1. Sort through A:6, A:31, A:63, A:49 and tell me the only one that's within 11 Å of another protein chain (Cβ to nearest Cβ) and of a type outside the set (Asp, Glu).
2. Kindly list the number of the only condition in (1) closer than 30 Å to residue B:144 by Cα; (2) within 14 Å of chain B (Cβ to nearest Cβ) that fails for residue A:57.
3. Looking only at the stretch B:453-496, count every residue that is more than 9 Å from ligand 2 (Cβ to nearest atom) and of a type in the set (Val, Ile, Thr) and tell me the total.
4. Working only within the stretch B:328-346, note down all residues that are of a type outside the set (S, T, N, Q) and outside any helix (DSSP H, G or I).
5. Output the residues belonging to the stretch B:72-95 that are within 15 Å of ligand 1 (Cβ to nearest atom) and β-branched (Val, Ile, Thr).
6. Quick one: which residue in B:431, B:445, B:460, B:437 is more than 16 Å from ligand 1 (Cβ to nearest atom) and over 16 Å from the mean Cα position of the chain (by Cα)?
7. I need the full set of residues from the stretch B:347-366 which are part of a helix (DSSP H, G or I) and acidic (Asp, Glu), in order please.
8. Find the residue count for the stretch B:137-184, including only residues that are of a type outside the set (Ser, Thr, Tyr), modelled with pLDDT of 95 or more and part of a loop (DSSP other than H, G, I, E, B).
Amino acid sequence: MKKQLISLLVENQPGALMRVAGVLTSRGYNIESLTVAKTLDPTLSSMTIVVDDVSDDNRELLIKQITRLVNVIKAVDLTDSKSVQRELALIKVSSVRPELRSALTKEAEIFRARIVDVAPTHYTLEVTGSPDKIEALIDLLHHYGDVEMIRSGSMAMARMPKNQLPTPMFRMDADEASIETAVDSQG
Amino acid sequence: MALMTGAQILIEALAREGAEVIFGYPGGVTLPIYDVLYDHPLRHILVRHEENAAFMAQGFARTTGKVGVCMATSGPGATNLTTGLVDALMDSIPIVAITGQVPQALIGRDAFQEADTFGITRAATKHNYLVKDIDELAQVIHEAFHIAISGRPGPVLVDITKDVLTGKGRFTPVSELRPLRGYELQLDPEATAIEEAAAFVWEGERPLIYAGGGVIAADASDEVVELSEILGCPLVHTVMGHGMMRPDHPNYVSMLGMHGGYAANMAITECDTIIGVGVRFDDRVTGRLDRFAPHARVLHIDVDPAEINKNRRADVGVVGDAKRVLKKLNAKLRETASERADENAKARTAWHKQVFGWKREHPFDYEPSLDEIKPQYLMQRLDHFMGGESIMAVDVGQHQMWAAQWVRFNKPRLWQSSSGLGSMGFGLPAAMGAAVANPDKTVVALCGDGGFMMAQPELATIAANNLPVKVVIMNNGTLGMVRQWQELFYKERYSQVQMSDGFPDIPMLAAAFGLKGTTVRNPADLDDKLREAFEEPGPFVLNIHVTPKECVYPMVPAGGALSDMILGPQKPVMAGD
Ligand SMILES: Cc1cc2nc3c(=O)[nH]c(=O)nc-3n(C[C@H](O)[C@H](O)[C@H](O)COP(=O)(O)OP(=O)(O)OC[C@H]3O[C@@H](n4cnc5c(N)ncnc54)[C@H](O)[C@@H]3O)c2cc1C
Ligand SMILES: Cc1ncc(C[n+]2csc(CCOP(=O)(O)OP(=O)(O)O)c2C)c(N)n1
């Protein structure tokens, strides 16, 4: 059993979310996170869903049963494929003691978190990154004060296979590793 | 074109889709629709409970292959429909349900008779709509019919707010679909898949066709028979597959599964190649899945990609409409026959002999009686009077399984059974829908005494419309199928299965509805009474008392493998392999 990461393209219509969520919940699955937003084509939405505990046997079936929904254009299982996975978190650290302030801003820098609100005793940070990175930052921030946070849930996008990379953006001779670094360094 | 009300647009759109009859029940928010129907040629049958409207629409659809239509008001009307919708979803039956909804301005305010029909029926339909814009209505109706009947058929519900029904708009007949980008049909198989399937099929030494509801849905019976003839291959079918092959065909084995025939279950256990067509490897068919068809490699043909590999992994999966796939596969097999047919011909002939040897050794069987009407004897006599050409809708329970074993159907779309959901109360209304759709055919509703009581208010609809349904109640005094399980698996502790207490006097009940009815207890009277019912041009209700304590055999105990089937009361367990 492990988490399943599903990326979906759906028609932007009333009920589309209900139908997708229904396939999951009626089978007793817990949705860990779910993000939805319009795509470049405003009649379509993209969704990323992380589902708790799906057995290997059921993953293919789940994707097919979601694809079967009339409003779903495409459903892809990204669990084992190469993908970029990002999440946004807003983290408020309050009751920060004055002597810890500069250390806190240092930590934020290391994680490339932006400080978006400051008051004498609290800081609000905005950070994007992989879910792991966000967890790590939150763990750390507990040392600085009381933590409150809100997370967007994961968004995921399949990485394009090398032979499909559009030339203007990447050099065709760039190897997988250098693309990986390039991508990771953006997070 | 002049402005029309939403209700008028709805009825025009339904008529244009070819709807011949609506099975429905009116209410507050659907009043505008009923006002249109008041003097519209589109036929409406007033049912006595909305659940039965959905079952009647199914009876219409199952026997014609066309979309059946039912209608209900908001709130309780819509919730009453849901069993019939789920039933249609489970058995892949194309129906369109129209429901009224409270006016948009009141939605979400706990208005009188407001229910979240759209939400409630999400899991009960293939697709559903909430129409809040009159300009969408005609398009949605067109789409609903398309979705209901295409690909894997199923129920579609259209919920329409009252302000749309009373509002005015222009009716532009729709003949083009707007693009349904998420609804991709894979009807034609890929050429490589056919090559692969043909090669696979020739490799089999002990091939078996396992075919079901998808063959009926695709009208692919002829193609299945042809396939079996090309290969000289035995055929077993599911409860949903009756009538695809004449039972007197030399390749016809029987139904398989929990109450399937010995030969059918042995054949699937021993075969090396399964050709599965329009079947979904249901647990009532496979028994214990890890011991199902242990020697077989599987070719699975289904129009729904989600069925391939669902319960049993397919060695070759072909997604496509059964008729189109089989036409191509048969052609490919004929084309390659000269090279491949001889390869395993000897083994295939020996296998055919073995399967039909099993069939001769252990046909469906029972202990006859002169004093009591045995349920199986009743089925044999019904079979005799129906002659393979009449329509029969069964309810759910023992009588359903006995009918599936004993009554023969020479053509598809004669037999109707609520198979996937197993909804008691289905048989009578389904037969009524069939009678409306097939005025030229004899239609039998076979019910248990339990299921009959669930549906009996519809005798009023039968009387009001003079629907010539032969209602046959197999009366064993109990909820027989449940009683059977209590006998076999719950130490004969018969808990809450008595139906005879309070069961009505059927001739009197029938008479109260203005119908003819009779009760039969003696085997010697059975034929005369059946003849009387079948010769009567109108409806007839027969209450037939059968042996109360008979069990359906063969039976695969729940959780057992097919080869663990119990053949009869005395003989305990058959060793399979
Ligand atoms: C009391 C009781 C006992 C039962 N015992 C048995 C038993 O002993 N044996 C038995 O067989 N059943 C039994 N059943 C019924 C069982 O529960 C299932 O409903 C049945 O086996 C399913 O039949 P099927 O596999 O043909 O699938 P269906 O439910 O008929 O499904 C049709 C399949 O065909 C596909 N399909 C649809 N249209 C097309 C097309 N155009 N082209 C290709 N494919 C298509 C669909 O995608 C689906 O996979 C019993 C039911 C009850 C209530
Ligand atoms: C609506 C509904 N409720 C309960 C059941 C469970 N059930 C399955 S068979 C059966 C007994 C049916 O009894 P009867 O109608 O008398 O038919 P018989 O088995 O005696 O032929 C019951 C209660 C069901 N299938 N459907």
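1. Answer to the check: A:63.
2. Every listed condition holds for residue A:57 apart from (1).
3. Adding up the residues that qualify gives 5.
4. At the first step, the residues of the stretch B:328-346 found to be of a type outside the set (S, T, N, Q) are B:328-329, B:331-335, B:337, B:339-343, B:345-346.
Correct list: B:341, B:342, B:343.
5. B:83, B:86, B:93, B:95
6. Result of the check over B:431, B:445, B:460, B:437: B:460.
7. Listed by number, the list holds a single entry, B:361.
8. Within the stretch B:137-184, the first condition is being of a type outside the set (Ser, Thr, Tyr), and the residues that meet it are B:137-149, B:151-160, B:162-165, B:167-171, B:173-174, B:176-182, B:184.
Still in the list and also modelled with pLDDT of 95 or more: B:137-149, B:151-160, B:162-165, B:167-169.
With the extra rule that they be part of a loop (DSSP other than H, G, I, E, B), the set shrinks to B:151-154, B:167.
The number of residues fulfilling the criteria is 5.
The values are calculated or read from the model by the stated rules, or taken from the named source; none is laboratory data. What you see is a predicted model; the values in this text were computed from it and never measured. Virtual Cβ from ideal backbone geometry, glycine too; neighbours counted across all protein chains shown.
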